[in-house]
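Here's the structure, in structure tokens; my notes come after.
Just so it is clear, none of the values below were taken in a lab; they were calculated from the coordinates. Since this is a predicted model, take the numbers as computed values, not measurements. Quick reminder, even Gly has a Cβ in these numbers, built from the backbone with ideal geometry, and neighbours come from all protein chains shown.
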Amino acid sequence: MENDFADQVGMFSDSFPSSPSLSISRSISNVPPAHFLLKIETFSSLVENNVENCESLEFDAGGYKWKLVVYPNGNKNKNVKDHISLYLAMVDTSSLGLGWEVYVIFRLFVLDQNKDEFLILQDAMGKERRFHVLKLEWGFDQFIPLEEFNDASNGYLVGDTCVFGAEVLVKERNKCKGECLFLAKLTSASNYKHVWKIENFSKLEAKLYESEVFVAGNQKWKIKLYPKGQGVGRGSHISVYLALADLSTITRDSKIYVHFTLRIRDQVLSKHNEKKASTWLSTSSEDWGWSTFVELSYFNKAENGFLMNDVCIVEAEQEHGSGPQLKIRIGQDFLNSVT
């Protein structure tokens, strides 16, 4: 039955007239749909009770799950009047992962019970429709005029009963790279400033020092400081970085976006030396900062107030009033699957 549908896909657009405005092909067949029939009894009760739409049970076709959606008074969201709207909807897509795309040719049916034959609507010229996470439903806003449907002599509504149907031909599922972007907006109460007081600064001999771990935006952080610089700042600058402290909480395909300020406090005049950044951090790029944060010669001058009683104060702060303070993005590559 499904093979017959595939063989006939091109035939219908050639054999029957199409609507020039909607590019819809209409045809008549005495063969029932291959995949699904929906029988609605007491159809008038849907209209009388202002039921917006009626959804069928799920059915399988082409390796995916579908349902029919009937709008007995027309789809008001599309400003449809005086027509029945009928759609094919894809369901149970959670297992498909991100970025999926399924290309489909489908036909929707209504039974003429007087002649025992079906009126069939499909996109003209066998046009494929692309189903994806943002478009799970395709069909016909003006499937059939209500006046024509309600006239018992036409056979579509007999004894307050009607029958709709569907055939679905899945062409392919594309290779696609997808990602889901999630913004975790933090309130001002969630903003955080961590103060790191470093004593006996002039006696620091190690290449790298790290602050205690602190929590901000539901993540653990630390400040990394190179007292004699590193990279291009080695020997001439102090280097300072903000770093993720616990990479086990971040998946391989996750990234964290953070707005932050790093500063070394001027303990005399409050003319602090600070730098701001907005950047993505991940398991493969766990820190961000400046190798030339401040020149050692400038830092060591007593009048600049950065080193008082051999104490240096370093701060890391999330900025206030800058919208989302923390964003988590999950990206993933997807394999090609052809049905």
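With each pseudo-label sitting 7 Å past Cα toward Cβ, what's the residue 310-residue 206 distance in nm, one decimal?
1.8
Nearest 0.05, what FRET efficiency do residue 130 and residue 247 give at R0 = 35 Å with Cβ-Cβ as r?
0.40
Which ³J(HN,Hα) values in Hz, rounded to whole numbers, follow from the phi angles of segment 271-287 under the Karplus curve 6.51 cos²θ - 1.76 cosθ + 1.60, where θ = phi - 60° and Gly and Pro get x?
Values per residue, Gly and Pro as x: 8, 5, 9, 9, 9, 10, 8, 10, 7, 8, 10, 7, 5, 9, 9, 8, 9 Hz.
First measure r as the distance between the Cβ atoms of residue 52 and residue 23, then evaluate 1/(1 + (r/R0)^6) with R0 = 22 Å and state the FRET efficiency to the nearest 0.05.
Numbers: r = 27 Å, r/R0 = 1.20.
So, using R0 = 22 Å, E works out to roughly 0.25.
Could you derive backbone 3J(HN,Hα) for segment 84-96 from the dihedral phi with the Karplus parameters 6.51, -1.76 and 1.60 (θ = phi - 60°), listing whole Hz in sequence and x where the residue is Gly or Pro?
The phi angles translate into 8, 9, 9, 9, 9, 10, 8, 10, 6, 9, 4, 7, 7 Hz.
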